[in-house]
Amino acid sequence: MTLLGLDNLTLTQTAAYVGGAAAMGLGAIGAATGEGFTASRASEAIARNEEHAGDIIKNMLVGQAISESASIFSLVIAILLLFMDMPDPGIVKAASLLAAGLCMGFGAIGSGVGAGLPAGRSCLAIARQPAVSGRITTNMLIGTAVCQTPAIFAMVVALILLFKPAGGAAAFPTSAALIGAGLSTGLAAIGSGYGGGMAAGASCEGVARQPETTTAVTTTMLVGQAVAQTPSVFGLLVSFVLMFRSFPESTALSASVGLLSAGLCMGLGGIGPGIGNGMTAEGAVRWVARRVDYSGDLMRIMLVGQAVSQSTAIYAMVVSLVLIFVV
């Protein structure tokens, strides 16, 4: 079977090249933005406390290196797409390779920007409280590491799409399902990566404000980040269903559009809840540092607020599953 007048091998190679460009092109957005934010805040921090410029610069470089991780994931996927062998060339394989690039490209945006938030705000925190710079850097490392989780989800899905055998699968609607799988995890990762960074940034500031509250601040940050990651987990779930469920061959446009829409629904539906959960966690973390005696109450309020924000991601997942199994 050919598409757009291209033979199977040419079609597959074309999709791989476009996917590679999308992986690296989109993946560069988040990392560069996060690194720029970090450098901006480091400059401000040095202007405020020039005596500790060395500690601030070291912290900046470490934070930028972690922000860079998401774009390195994108680079790995892009290189694989550009130079890997093309087994089972055809429409299904072409869709799978294109989906891998889109998944990794979109999936790196939120993690790159999100990791830059605690990296930059930790530089300001060191300028404010240089005596606990080690504690601030440790807190920053923990927070930025969690921010990379959605990008790791995206890389896992991208690798599955790259190496998933295409032989024997019906061209339609399987091709649409695979592209939907890439969009589901890739787009949902944007909100979770950015939201996690908001909580981690507030945590760095909190440690500087009240070093004795570090344990309570870090605990609240991690709980808030965990909830902020759940929309990307929902996106991962929908991706797995779309990748591994067998679909009977159908030339009806509605069948392909339904599966593509399922991935798009969950992907877009996960962006807002991830950011909203991060906003909630950011506020809770900030005030735990100021009123640690109310940390339990603030934690409960945060979780209730996040649960309500999370409901919209659940709605998106329900609609996605209806599109896959019912419509």
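Couple of notes before you dig in:
- Cα-projected label distance for Thr10 with Ile72, points at 7 Å along beta-carbon direction, nm: 3.9 nm
- Charge dipole of the chain (Cα centre as origin; +1 on each Lys and Arg Cβ, -1 on each Asp and Glu Cβ, all else neutral): 480 debye, rounded to the nearest 20.
- Estimated inter-spin distance, Thr33 and Asp297, nm [label 7 Å along Cα→Cβ]: 3.6 nm
- Global geometry of the range 37-93, whether rounded, prolate or oblate, following the gyration tensor of its Cα atoms and the 1.5 cut on a/c: prolate
- In this rough spin-label picture, where each label sits 7 Å from Cα along the Cβ direction, the Glu249-Val319 distance is 3.3 nm.
- Projected over every direction and averaged, the convex hull enclosing the alpha-carbon atoms of the range 8-325 yields 15.3 nm².
- Under the criterion of Cα pairs below 8 Å and six or more residues apart, the relative contact order for the range 8-325 equals 20 percent.
- Extreme residue, positive dipole direction of the chain, given options Leu162, Phe247, Gly193 (C-beta unit charges): Gly193
- Amide N of the range 95-125 lying under 16 Å from the label point, which is placed 7 angstrom from the Cα of Val18 along Cα→Cβ: 95-106
Every number in this text was worked out from the coordinates using simple rules, so none of it is lab data. All values reported here derive from a predicted model rather than from experimental measurement. Cβ atoms come from the backbone with ideal geometry, glycine included; neighbour counts cover every protein chain shown.
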